1. Of LEU47, LEU11, LEU80, which has the most accessible area with a 1.4 Å probe, and how do the rest follow in descending order?
2. Could you work out the relative contact order of the chain? I mean the mean sequence separation of Cα pairs under 8 Å and 6+ apart, divided by the number of residues, in percent.
3. Explain nothing, just the number: relative contact order of the stretch 1-45, from Cα pairs under 8 Å at least 6 residues apart, as a whole percent.
4. Tell me the accessible surface of GLU46 in square angstrom (1.4 angstrom probe, heavy atoms of protein chains only), to the nearest ten.
5. What part of the accessible area of the stretch 4-66, given as a whole %, is carbon or sulfur when the probe is 1.4 angstrom?
6. Counting heavy atoms of the protein chains only and a 1.4 Å probe, report the per residue accessible area for the chain as a whole number of Å².
7. I'd like the Karplus ³J(HN,Hα) series for the stretch 103-115: coefficients 6.51, -1.76, 1.60, θ = phi - 60°, whole numbers in Hz, and an x wherever there's a Gly or Pro.
8. Working out 0.36 nm times the residue gap between TRP105 and VAL5, then minus their Cα-Cα distance, what length gain in nm do you get to one decimal?
Amino acid sequence: QVQLVESGGGLVQPGGSLRLSCAASENIFSISTMGWYRQAPGRQRELVASITSGGSTTYADSVKGRFAISRDNAKNTIYLQMTSLKPEDAAVYYCRSLTGGRLYWGQGTQVTVSS
């Protein structure tokens, strides 16, 4: 059972930056596609960014050029660097892994963008 723990959320002003982290309980990145998703109140959960085992990345159009997903294999941790944050980026951000055909989710971390 893979466990994912997110951290790094918080309150930031528009235009600010945050870095989210997702620590995995096992060394799974070489066999997994990892992703960051977000869900705002009243909206469906949506993909923000993903990174495959080979290192290929994908981004939602709304965050291209502002967010960057990366990973540190030695620390079993993936990151989401978020810059130029907008009020519409506010949501609960979740980490997800697709490992061995199974999906695992973290508990989420809240990001609030407000002045």
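1. Numbers: LEU47 65, LEU11 130, LEU80 0 Å².
Ranked from most to least accessible, the order is LEU11, LEU47, LEU80.
2. Numbers: 281 pairs, mean separation 42.8, N = 115.
Once normalised by length, the contact order is 37 percent.
3. Working: 32 pairs, mean separation 15.3, N = 45.
Relative contact order for the stretch 1-45 comes out at 34 percent.
4. 70 Å²
5. Details: 1540 of 3300 Å².
Accessible surface attributable to carbon and sulfur in the stretch 4-66 totals 47 percent.
6. Details: 5900 Å² over 115 residues.
Here the per-residue accessible area is 51 Å².
7. 9, 10, 10, x, 7, x, 9, 7, 10, 10, 10, 7, 8
8. Details: separation 100, 0.36 × 100 = 36.00 nm, distance 0.86 nm.
Length gained, TRP105 through VAL5: 35.1 nm.
The values are calculated or read from the model by the stated rules, or taken from the named source; none is laboratory data. Remember, predicted model here, so these are calculated numbers, not experimental data. Reconstructed Cβ throughout: ideal geometry from the backbone, glycine too, with neighbour counts over all protein chains shown. Heavy atoms of the whole protein, side chains included, go into the accessibility calculation; ligands, DNA and RNA do not. Shrake-Rupley method; radii C 1.70, N 1.55, O 1.52, S 1.80 Å.
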